[in-house]
Structures are given as C-alpha cells and as structure tokens.
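The values are calculated or read from the model by the stated rules, or taken from the named source; none is laboratory data. Source: prediction; values computed, not measured. Glycine also receives a Cβ, built like all others from the backbone with ideal geometry; neighbour counts cover every protein chain displayed. All accessible areas refer to the heavy atoms of the entire protein, side chains included, with ligands and DNA or RNA removed. Shrake-Rupley method; radii C 1.70, N 1.55, O 1.52, S 1.80 Å.
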Amino acid sequence: MVITYLGKDFIRINSGERTLALSPRASEDGRRIGSFGADIAMASVRDQDHAAFDHVTHGKTEPFTIHGPGEYEVGGISIIGVASDRVRTSDNRERVNTAYVIGLEGIRLCHIGLHRKAGFDAGVGEALGGIDVLFISIGGETGLDHTGAQKVVAALEPKMIIPLRVSGEHGEKEFKAFLKESGEGSTEAVGKLTLKKKDLEGKDGEVVVLERAIEG
C-alpha cells in the first residue's frame, strides 16, 4: 500500500486498484485537493474538514461513505468504527468522533480522527486494540497535546506511528515535543510511505513523519 498525507487529518491510501480516503477535507478556499476518486471514504466527524465526500468523487468513481460507529466490510476490506470522544468542530458544534480500524493487506491501521482525550474510556481501547499503524493528530485546537498523544500511543501500542502535523505555532511546538519524547527529534519527513506487512516486523512504536502533498 501507498500512504499519502494531504493536510490536517486527511490521509489517502492506495492498495492495488483501490483508494481509501480518511477524513477527506476541502481546501481553505473550497477547491479540491488534487483530483482523485476514492472507493471508500470515512469521516471522523461530519463537517467539511473531515467529511468532504464530494471532493473525493471523481468521474465515475463515487465512494462508499462511512461516517459513524459500526462494523463494515467493503470489497474484502474490514473497517470498524468506534465512538471515542465528543469534540467541538470548526463550525462550533459538538459532535461524536469516530476512530476507525482498517484491515488492509494484513495490516491493521487506526485513524483516531479528532480524539482529544489523553487515553480512552472503558472499552474503547480494547475495541481499537492490536494496532499496527496509528495516525494521530498533534497540536492545535483539533489535535492532542504531546502528553496526551503519548498516553494514546501507550494505550494502543502500535508498531508504527504516523503523527499528523496541525498548522500554527502551537501545533508546531507540540509536534516537535512529541517527536522529542518519542526519541525521534531529528526525524526527516518523507513524501509518501510505501508499506508492506513485512516492513512492520520487529517494529515497536517507530515514528514516520509524512510531508503534506501539494496535490493528491
């Protein structure tokens, strides 16, 4: 699979001929971010920063959309949505945040969306357990601070962590603090991550920083 970061919480995953969009967003001026259609799109919360499904509809490709807790299977891909927190979104509304666990190519990926608690309520951590790759937002109003992020990581024990950088001075400060506490203070960002199951063998909390792609 190939993993691309498109800003905020927006992740694109290509697996063979299939494309997944996690927390798809519109750009600040409402334009599309790149030009691609997703086969599956899932939103952590239902606002235009995380559920811009129309922006990942392209040509004849219209995504199967997921926007809440439940168990799903789409084209052999297993997806579990777990209500993990209640958060206030950019439109100043309180909404349920859904964290997703995706089973793909023998790898369990978890995108925790706008989860803001330093840890999980009873049962949530267990429902999200056995994670190989964790996507987690750091800093700003929509991300965890570095201390809270470390507690989430400790609860889930992923083999690989992909921190998502929230813009702004405070976000950058928290992001750097998270990398330092992870022992990864000098991590260089990569443009895209090509990942196979064998690449995770022997990993224990390895941090991979992705550059924001200019286009999707």
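Summary table below
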{"read-out": "Pair list, Cβ < 9 Å and 6+ apart or interchain, from the range 193-216 residues that are on the phi > 0 side of the Ramachandran plot to residues that are among the hydroxyl-bearing types (S, T, Y) and modelled with pLDDT under 95", "value": "G205/S182"}
{"read-out": "Residue list for the range 118-140, filter: over 16 Å from the mean Cα position of the chain (by Cα) and within 21 Å of E181 (Cα to Cα)", "value": "A118, G119, F120"}
{"read-out": "Strands (runs of 3 or more DSSP E) lying entirely in the range 1-100 (those with 2 or more residues that are open to solvent by less than 10 Å² (accessible area, probe 1.4 Å))", "value": "2-5, 11-15, 18-22, 40-42, 77-88"}
{"read-out": "Residues of the range 142-172 classified as over 16 Å from the mean Cα position of the chain (by Cα), of a type in the set (D, E, K, R) and modelled with pLDDT under 85, total", "value": "2"}
{"read-out": "Condition check for L164: in contact (Cβ under 8 Å) with a residue 60 or more places away in the chain and not in a loop (DSSP other than H, G, I, E, B)", "value": "yes"}
